[in-house]
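A.B. asks: I have a structure I would like to understand better, so I am pasting it below and will then ask my questions one at a time.
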Amino acid sequence: MDQLPIIDISPLYSNDHNAWPAVAEQIDHACREWGFFYIKGHPISEQRIESLLDHARHFFALPTAEKLKIDITRTIHHRGYGAIATEQLDPDKPSDLKETFDMGLHLPTDHPEVLAEKPLRGPNRHPAIPGWESLMEQHYRDMQALAQTLLRAMTLALGIERNFFDKRFNEPVSVLRMIHYPPRHTASSAEQQGAGAHTDYGCITLLYQDTAGGLQVKNVKGQWIDAPPIDGTFVVNLGDMMARWSNDRYRSTPHRVISPLGVDRYSMPFFAEPHPDTRIECLPGCQDAHHPAKYPTTTCAEFLLSRFADTYAYRREQEAV
(Lines give C-alpha, C1' and ligand atoms only; values in the text may rest on other atoms or scores of the structure.)
Protein backbone atom coordinates (compact mmCIF):
# COMPACT_ATOMS: atom_id res chain seq x y z
CA MET A 1 0.00 0.00 0.00
CA ASP A 2 2.76 2.44 -0.88
CA GLN A 3 1.84 3.29 -4.49
CA LEU A 4 -1.39 4.70 -5.87
CA PRO A 5 -3.02 2.78 -8.74
CA ILE A 6 -2.80 4.12 -12.30
CA ILE A 7 -5.93 3.58 -14.41
CA ASP A 8 -6.11 3.92 -18.18
CA ILE A 9 -9.50 5.52 -18.89
CA SER A 10 -9.13 5.64 -22.69
CA PRO A 11 -11.77 2.86 -23.09
CA LEU A 12 -14.33 5.33 -21.71
CA TYR A 13 -13.78 7.36 -24.89
CA SER A 14 -14.09 4.44 -27.31
CA ASN A 15 -17.22 3.28 -29.13
CA ASP A 16 -17.03 -0.07 -27.35
CA HIS A 17 -19.29 0.26 -24.32
CA ASN A 18 -18.42 -3.31 -23.35
CA ALA A 19 -15.04 -1.90 -22.28
CA TRP A 20 -16.62 0.28 -19.59
CA PRO A 21 -17.13 -2.36 -16.86
CA ALA A 22 -13.42 -3.26 -16.66
CA VAL A 23 -12.47 0.41 -16.17
CA ALA A 24 -15.33 0.93 -13.72
CA GLU A 25 -14.14 -2.06 -11.69
CA GLN A 26 -10.63 -0.59 -11.40
CA ILE A 27 -12.06 2.79 -10.34
CA ASP A 28 -14.35 1.13 -7.81
CA HIS A 29 -11.44 -0.80 -6.26
CA ALA A 30 -9.30 2.34 -6.04
CA CYS A 31 -12.17 4.31 -4.49
CA ARG A 32 -12.74 1.64 -1.84
CA GLU A 33 -9.10 1.02 -0.96
CA TRP A 34 -7.56 4.45 -1.44
CA GLY A 35 -9.91 7.24 -2.38
CA PHE A 36 -6.98 8.25 -4.63
CA PHE A 37 -5.72 7.09 -8.04
CA TYR A 38 -4.04 8.36 -11.19
CA ILE A 39 -5.74 8.46 -14.59
CA LYS A 40 -4.09 8.33 -17.99
CA GLY A 41 -5.64 8.15 -21.46
CA HIS A 42 -7.69 11.32 -20.87
CA PRO A 43 -8.34 13.92 -23.62
CA ILE A 44 -6.56 16.93 -22.04
CA SER A 45 -3.54 17.65 -24.24
CA GLU A 46 0.02 18.34 -23.15
CA GLN A 47 -0.14 21.60 -25.13
CA ARG A 48 -3.12 22.72 -23.03
CA ILE A 49 -1.28 21.99 -19.81
CA GLU A 50 1.82 23.89 -20.95
CA SER A 51 -0.29 26.91 -21.90
CA LEU A 52 -2.00 26.85 -18.51
CA LEU A 53 1.35 26.66 -16.71
CA ASP A 54 2.71 29.60 -18.71
CA HIS A 55 -0.32 31.69 -17.78
CA ALA A 56 -0.11 30.65 -14.13
CA ARG A 57 3.55 31.63 -13.87
CA HIS A 58 2.76 34.98 -15.48
CA PHE A 59 -0.14 35.72 -13.16
CA PHE A 60 1.53 34.74 -9.89
CA ALA A 61 4.65 36.74 -10.82
CA LEU A 62 2.60 39.94 -11.02
CA PRO A 63 2.96 42.55 -8.25
CA THR A 64 0.75 41.79 -5.28
CA ALA A 65 -1.23 45.01 -5.81
CA GLU A 66 -2.10 43.87 -9.33
CA LYS A 67 -3.27 40.45 -8.16
CA LEU A 68 -5.32 41.98 -5.36
CA LYS A 69 -7.47 43.77 -7.94
CA ILE A 70 -9.41 40.49 -7.94
CA ASP A 71 -9.00 39.79 -4.21
CA ILE A 72 -11.14 36.76 -3.29
CA THR A 73 -11.86 38.16 0.17
CA ARG A 74 -13.73 41.11 -1.41
CA THR A 75 -16.41 38.93 -3.03
CA ILE A 76 -19.41 37.00 -1.78
CA HIS A 77 -19.10 34.21 -4.35
CA HIS A 78 -15.50 33.05 -3.79
CA ARG A 79 -13.87 34.00 -7.09
CA GLY A 80 -10.46 35.54 -7.74
CA TYR A 81 -7.04 35.74 -6.09
CA GLY A 82 -6.22 34.31 -2.69
CA ALA A 83 -3.02 35.66 -1.17
CA ILE A 84 -0.55 33.54 0.80
CA ALA A 85 -2.02 32.42 4.15
CA THR A 86 -5.62 33.18 3.11
CA GLU A 87 -6.43 29.48 3.58
CA GLN A 88 -5.84 27.27 6.61
CA LEU A 89 -6.63 23.65 5.75
CA ASP A 90 -5.15 22.13 8.92
CA PRO A 91 -6.42 23.98 12.02
CA ASP A 92 -3.42 22.70 14.00
CA LYS A 93 -0.89 24.26 11.61
CA PRO A 94 -0.19 27.82 10.45
CA SER A 95 -2.12 29.09 7.42
CA ASP A 96 -1.00 27.55 4.14
CA LEU A 97 2.11 28.62 2.21
CA LYS A 98 0.37 29.07 -1.14
CA GLU A 99 -1.45 31.62 -3.28
CA THR A 100 -4.40 30.78 -5.48
CA PHE A 101 -6.73 31.77 -8.28
CA ASP A 102 -10.29 30.39 -8.14
CA MET A 103 -12.98 30.40 -10.80
CA GLY A 104 -16.26 28.60 -11.26
CA LEU A 105 -19.14 28.39 -13.69
CA HIS A 106 -19.56 31.90 -15.07
CA LEU A 107 -23.06 33.19 -14.36
CA PRO A 108 -23.83 36.72 -15.59
CA THR A 109 -25.15 39.36 -13.22
CA ASP A 110 -28.69 39.00 -14.63
CA HIS A 111 -28.86 35.23 -13.98
CA PRO A 112 -31.79 34.45 -11.62
CA GLU A 113 -29.53 32.80 -9.02
CA VAL A 114 -27.14 35.77 -9.05
CA LEU A 115 -30.04 38.24 -8.74
CA ALA A 116 -31.28 36.15 -5.81
CA GLU A 117 -27.79 36.49 -4.24
CA LYS A 118 -27.43 32.75 -3.87
CA PRO A 119 -24.03 31.84 -2.37
CA LEU A 120 -21.18 30.78 -4.65
CA ARG A 121 -23.04 32.05 -7.74
CA GLY A 122 -21.80 34.88 -9.91
CA PRO A 123 -19.46 35.99 -12.69
CA ASN A 124 -15.83 35.00 -12.80
CA ARG A 125 -13.15 37.60 -12.05
CA HIS A 126 -10.18 37.19 -14.38
CA PRO A 127 -6.88 39.09 -14.45
CA ALA A 128 -6.22 41.38 -17.41
CA ILE A 129 -3.81 38.97 -19.13
CA PRO A 130 -4.23 38.48 -22.90
CA GLY A 131 -5.78 35.08 -23.64
CA TRP A 132 -6.30 34.21 -19.97
CA GLU A 133 -10.10 34.33 -19.83
CA SER A 134 -10.77 32.30 -22.99
CA LEU A 135 -8.18 29.67 -21.99
CA MET A 136 -9.48 29.27 -18.43
CA GLU A 137 -13.14 29.18 -19.42
CA GLN A 138 -12.47 26.49 -22.05
CA HIS A 139 -10.36 24.44 -19.65
CA TYR A 140 -13.10 24.67 -17.03
CA ARG A 141 -15.61 23.20 -19.49
CA ASP A 142 -13.22 20.44 -20.55
CA MET A 143 -12.40 19.46 -16.97
CA GLN A 144 -16.09 19.38 -16.08
CA ALA A 145 -16.67 16.99 -19.00
CA LEU A 146 -13.77 14.78 -17.88
CA ALA A 147 -15.08 14.68 -14.30
CA GLN A 148 -18.54 13.67 -15.47
CA THR A 149 -17.09 10.89 -17.63
CA LEU A 150 -15.42 9.44 -14.50
CA LEU A 151 -18.64 9.82 -12.53
CA ARG A 152 -20.59 7.93 -15.21
CA ALA A 153 -18.13 5.06 -14.81
CA MET A 154 -18.66 5.10 -11.04
CA THR A 155 -22.42 4.66 -11.46
CA LEU A 156 -21.83 1.09 -12.69
CA ALA A 157 -20.36 0.04 -9.34
CA LEU A 158 -22.67 2.19 -7.22
CA GLY A 159 -25.76 0.62 -8.79
CA ILE A 160 -27.41 3.88 -9.84
CA GLU A 161 -28.69 5.06 -13.21
CA ARG A 162 -26.04 6.08 -15.74
CA ASN A 163 -27.16 9.75 -15.78
CA PHE A 164 -27.50 10.11 -11.98
CA PHE A 165 -24.61 12.55 -11.67
CA ASP A 166 -25.20 14.23 -15.04
CA LYS A 167 -28.64 15.34 -13.85
CA ARG A 168 -27.15 16.78 -10.68
CA PHE A 169 -24.28 18.60 -12.40
CA ASN A 170 -26.48 21.02 -14.36
CA GLU A 171 -24.96 24.47 -13.68
CA PRO A 172 -22.59 23.05 -11.05
CA VAL A 173 -20.52 24.88 -8.46
CA SER A 174 -17.34 23.11 -9.59
CA VAL A 175 -14.14 25.11 -9.08
CA LEU A 176 -11.00 25.34 -11.20
CA ARG A 177 -8.07 26.50 -9.11
CA MET A 178 -4.52 27.55 -9.99
CA ILE A 179 -2.04 27.26 -7.12
CA HIS A 180 1.48 28.59 -6.63
CA TYR A 181 3.53 27.14 -3.77
CA PRO A 182 6.65 29.23 -3.02
CA PRO A 183 9.81 27.37 -1.95
CA ARG A 184 9.87 26.06 1.60
CA HIS A 185 12.53 28.52 2.80
CA THR A 186 9.95 31.34 2.48
CA ALA A 187 7.72 29.79 5.15
CA SER A 188 6.87 31.84 8.22
CA SER A 189 7.88 28.93 10.45
CA ALA A 190 8.99 25.31 10.24
CA GLU A 191 5.39 24.30 10.91
CA GLN A 192 3.95 26.07 7.88
CA GLN A 193 3.12 23.63 5.09
CA GLY A 194 2.16 24.25 1.48
CA ALA A 195 -1.26 22.77 2.19
CA GLY A 196 -2.13 21.38 5.59
CA ALA A 197 -3.59 17.91 5.98
CA HIS A 198 -7.23 17.83 4.87
CA THR A 199 -9.90 16.02 2.93
CA ASP A 200 -11.55 17.71 -0.05
CA TYR A 201 -15.08 18.97 0.33
CA GLY A 202 -16.81 18.07 -2.91
CA CYS A 203 -17.53 15.08 -5.09
CA ILE A 204 -14.26 14.31 -6.90
CA THR A 205 -11.06 16.27 -7.50
CA LEU A 206 -8.86 16.03 -10.60
CA LEU A 207 -5.37 17.40 -10.02
CA TYR A 208 -2.58 18.32 -12.39
CA GLN A 209 0.73 18.78 -10.57
CA ASP A 210 4.02 19.93 -12.05
CA THR A 211 7.35 18.16 -11.61
CA ALA A 212 8.23 19.71 -8.22
CA GLY A 213 6.51 17.04 -6.13
CA GLY A 214 5.31 17.47 -2.56
CA LEU A 215 1.86 15.83 -2.60
CA GLN A 216 1.40 13.21 0.12
CA VAL A 217 -1.53 10.88 0.81
CA LYS A 218 -2.36 9.02 4.04
CA ASN A 219 -2.77 5.29 3.39
CA VAL A 220 -4.99 2.84 5.29
CA LYS A 221 -2.16 2.22 7.77
CA GLY A 222 -2.10 5.91 8.65
CA GLN A 223 1.25 6.44 6.92
CA TRP A 224 2.02 9.42 4.69
CA ILE A 225 3.19 8.29 1.26
CA ASP A 226 4.32 10.36 -1.69
CA ALA A 227 2.06 10.81 -4.73
CA PRO A 228 4.74 11.91 -7.20
CA PRO A 229 4.01 13.58 -10.53
CA ILE A 230 3.59 11.16 -13.45
CA ASP A 231 3.69 12.52 -17.00
CA GLY A 232 0.36 12.61 -18.80
CA THR A 233 -1.76 11.88 -15.73
CA PHE A 234 -4.16 13.53 -13.35
CA VAL A 235 -4.41 12.52 -9.71
CA VAL A 236 -8.04 11.84 -8.83
CA ASN A 237 -9.36 11.80 -5.29
CA LEU A 238 -12.75 11.64 -3.66
CA GLY A 239 -14.22 14.39 -1.54
CA ASP A 240 -16.48 14.37 1.49
CA MET A 241 -19.66 14.67 -0.57
CA MET A 242 -18.92 11.40 -2.34
CA ALA A 243 -18.14 9.76 0.99
CA ARG A 244 -21.57 10.88 2.23
CA TRP A 245 -23.34 9.78 -0.95
CA SER A 246 -21.66 6.34 -0.75
CA ASN A 247 -22.03 5.97 3.04
CA ASP A 248 -18.21 5.81 3.32
CA ARG A 249 -18.03 2.95 0.83
CA TYR A 250 -15.82 5.33 -1.12
CA ARG A 251 -13.05 6.93 0.92
CA SER A 252 -12.37 10.63 1.36
CA THR A 253 -8.66 10.43 2.09
CA PRO A 254 -6.49 12.96 3.96
CA HIS A 255 -3.69 14.51 1.94
CA ARG A 256 -1.28 17.42 2.21
CA VAL A 257 1.43 19.30 0.31
CA ILE A 258 4.92 19.68 1.72
CA SER A 259 6.44 22.70 0.00
CA PRO A 260 9.46 21.67 -2.09
CA LEU A 261 12.96 22.82 -1.30
CA GLY A 262 14.44 25.49 -3.53
CA VAL A 263 11.78 25.51 -6.28
CA ASP A 264 8.31 26.88 -6.90
CA ARG A 265 5.46 24.39 -7.32
CA TYR A 266 2.39 24.88 -9.51
CA SER A 267 -0.72 22.75 -9.48
CA MET A 268 -4.20 22.93 -10.98
CA PRO A 269 -6.97 21.09 -9.14
CA PHE A 270 -10.50 20.87 -10.50
CA PHE A 271 -13.08 20.34 -7.77
CA ALA A 272 -16.20 18.74 -9.28
CA GLU A 273 -19.24 19.76 -7.25
CA PRO A 274 -22.92 19.59 -8.31
CA HIS A 275 -25.66 22.20 -8.50
CA PRO A 276 -25.87 23.95 -5.11
CA ASP A 277 -29.43 22.74 -4.43
CA THR A 278 -28.48 19.08 -4.95
CA ARG A 279 -29.50 16.85 -2.04
CA ILE A 280 -26.53 14.93 -0.63
CA GLU A 281 -27.99 11.78 0.90
CA CYS A 282 -27.04 8.12 1.10
CA LEU A 283 -27.49 6.27 -2.20
CA PRO A 284 -30.01 3.39 -2.09
CA GLY A 285 -27.42 0.73 -2.88
CA CYS A 286 -25.05 1.93 -0.15
CA GLN A 287 -27.28 1.24 2.84
CA ASP A 288 -29.17 -1.71 4.32
CA ALA A 289 -30.32 -2.99 7.69
CA HIS A 290 -26.74 -3.71 8.71
CA HIS A 291 -25.32 -0.51 7.21
CA PRO A 292 -27.71 2.37 7.93
CA ALA A 293 -27.03 5.85 6.57
CA LYS A 294 -24.27 7.49 8.62
CA TYR A 295 -24.90 11.12 7.66
CA PRO A 296 -27.96 13.38 7.73
CA THR A 297 -29.23 14.72 4.42
CA THR A 298 -27.84 18.10 3.42
CA THR A 299 -27.47 20.13 0.23
CA CYS A 300 -24.35 20.84 -1.74
CA ALA A 301 -24.43 24.55 -0.85
CA GLU A 302 -25.07 23.99 2.85
CA PHE A 303 -22.23 21.51 3.12
CA LEU A 304 -19.70 23.58 1.15
CA LEU A 305 -20.46 26.76 3.08
CA SER A 306 -19.98 24.98 6.39
CA ARG A 307 -16.58 23.73 5.26
CA PHE A 308 -15.55 27.10 3.84
CA ALA A 309 -16.31 28.71 7.20
CA ASP A 310 -13.84 26.31 8.83
CA THR A 311 -11.11 27.05 6.30
CA TYR A 312 -11.34 30.75 5.43
CA ALA A 313 -11.29 33.45 8.09
CA TYR A 314 -12.78 35.95 5.65
CA ARG A 315 -15.85 33.70 5.14
CA ARG A 316 -16.47 33.62 8.88
CA GLU A 317 -16.20 37.39 9.02
CA GLN A 318 -18.66 37.81 6.14
CA GLU A 319 -21.19 35.50 7.79
CA ALA A 320 -20.88 37.39 11.07
CA VAL A 321 -21.89 40.70 9.46
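The values are calculated or read from the model by the stated rules, or taken from the named source; none is laboratory data. Predicted model only: the values in this text are computed from it and were never measured. All Cβ positions, even for glycine, are placed from backbone atoms using ideal geometry, and neighbour counts span all protein chains on display.
A.B. asks: Of the residues GLU113, GLU117, which single one is in a helix (DSSP H, G or I) and more than 22 Å from GLN138 (Cα to Cα)?
C.D. replies: GLU113
A.B. asks: Before we move on, is GLU161 surrounded by fewer than 19 Cβ atoms within 10 Å (Cβ to Cβ), under 17 Å from the mean Cα position of the chain (by Cα) and in a loop (DSSP other than H, G, I, E, B)? Steps first, answer last, please.
C.D. replies: Numbers: surrounded by fewer than 19 Cβ atoms within 10 Å (Cβ to Cβ): yes; under 17 Å from the mean Cα position of the chain (by Cα): no; in a loop (DSSP other than H, G, I, E, B): yes.
It is false that GLU161 is surrounded by fewer than 19 Cβ atoms within 10 Å (Cβ to Cβ), under 17 Å from the mean Cα position of the chain (by Cα) and in a loop (DSSP other than H, G, I, E, B).
A.B. asks: Now for a separate question. Mind checking which pairs have a first residue in segment 132-148 that is under 12 Å from SER51 (Cα atoms) and in contact (Cβ under 8 Å) with a residue 12 or more places away in the chain and a second that is surrounded by fewer than 15 Cβ atoms within 10 Å (Cβ to Cβ) and of a type outside the set (S, T, N, Q), Cβ under 9 Å, 6 or more apart or different chains?
C.D. replies: Correct list of pairs: TRP132/HIS58.
A.B. asks: I'd like the full set of residues that are surrounded by 20 or more Cβ atoms within 10 Å (Cβ to Cβ), out of contact with any helix residue (DSSP H, G or I) (no Cβ under 8 Å at 6 or more places or on another chain) and in a loop (DSSP other than H, G, I, E, B), limited to segment 255-295.
C.D. replies: Hits for segment 255-295: nothing passes.
A.B. asks: Can you report the number of residues in segment 34-75 which are acidic (Asp, Glu) and within 12 Å of PHE101 (Cβ to Cβ)?
C.D. replies: Just the residues of segment 34-75 that are acidic (Asp, Glu), to begin with: 46, 50, 54, 66, 71.
If we keep only those that are within 12 Å of PHE101 (Cβ to Cβ) too, we end up with 71.
The number of residues fulfilling the criteria is 1.
A.B. asks: Inspect all residues belonging to segment 131-148 and state whether any of them is surrounded by fewer than 22 Cβ atoms within 10 Å (Cβ to Cβ) and modelled with pLDDT under 95.
C.D. replies: no
A.B. asks: Sticking with this structure for a sec: List every residue pair whose Cβ atoms lie under 7 Å apart, where the two residues are 6 or more positions apart in sequence or sit on different chains, the first residue falls within segment 151-163 and is closer than 17 Å to GLU281 by Cβ and among the β-branched types (Val, Ile, Thr), and the second residue, located anywhere, is assigned to a helix (DSSP H, G or I) and at pLDDT 95 or above.
C.D. replies: THR155/PHE164; THR155/PHE165
A.B. asks: Restricting to segment 196-235, and then to whatever is closer than 23 Å to PRO43 by Cβ and hydroxyl-bearing (Ser, Thr, Tyr), can you tell me which residue is modelled with the lowest pLDDT?
C.D. replies: THR211
A.B. asks: If you go through segment 200-237, how many residues are among the β-branched types (Val, Ile, Thr), surrounded by fewer than 19 Cβ atoms within 10 Å (Cβ to Cβ) and closer than 22 Å to GLN88 by Cα?
C.D. replies: The total comes to 1.
A.B. asks: Which of the residues that make up segment 201-227 are among the small types (Gly, Ala, Ser) and closer than 28 Å to ILE280 by Cα?
C.D. replies: The initial filter retains those residues of segment 201-227 that are among the small types (Gly, Ala, Ser), namely 202, 212-214, 222, 227.
The answer is GLY202, GLY222.
A.B. asks: Okay, next question. Against the definition (in contact with a Ser or Thr (Cβ under 7 Å, 6 or more places away or on another chain), modelled with pLDDT under 95, under 22 Å from LEU150 (Cα atoms) and surrounded by fewer than 19 Cβ atoms within 10 Å (Cβ to Cβ)), how does ARG177 come out, yes or no?
C.D. replies: On the way: in contact with a Ser or Thr (Cβ under 7 Å, 6 or more places away or on another chain): yes; modelled with pLDDT under 95: no; under 22 Å from LEU150 (Cα atoms): yes; surrounded by fewer than 19 Cβ atoms within 10 Å (Cβ to Cβ): yes.
No; evaluated as a whole, the condition is false for this residue.
A.B. asks: Taking the stated definitions as given, is THR100 closer than 25 Å to ILE258 by Cα and among the hydroxyl-bearing types (Ser, Thr, Tyr)?
C.D. replies: So THR100 fits the description; yes.
A.B. asks: A further question follows. Out of all the residues in segment 261-275, which are within 16 Å of ARG79 (Cα to Cα) and of a type outside the set (D, E, K, R)? Outline the logic, then answer.
C.D. replies: Looking only at segment 261-275, we keep the residues that are within 16 Å of ARG79 (Cα to Cα), and these are 268-273.
Of everything in segment 261-275, those that are within 16 Å of ARG79 (Cα to Cα) and of a type outside the set (D, E, K, R) turn out to be MET268, PRO269, PHE270, PHE271, ALA272.
A.B. asks: Looking at ILE84, is it among the aliphatic types (A, V, I, L, M) and under 21 Å from ALA195 (Cβ atoms)?
C.D. replies: Working: among the aliphatic types (A, V, I, L, M): yes; under 21 Å from ALA195 (Cβ atoms): yes.
For ILE84, the condition - among the aliphatic types (A, V, I, L, M) and under 21 Å from ALA195 (Cβ atoms) - is met.
A.B. asks: Being small (Gly, Ala, Ser) and touching a strand residue (DSSP E or B) at 6+ places or on another chain (Cβ under 7 Å) narrows it down to one of ALA197, ALA190, ALA243, so name that one. Lay out the reasoning, then the answer.
C.D. replies: Details: ALA190 fails: touching a strand residue (DSSP E or B) at 6+ places or on another chain (Cβ under 7 Å); ALA243 fails: touching a strand residue (DSSP E or B) at 6+ places or on another chain (Cβ under 7 Å).
Every option except ALA197 fails the conditions.
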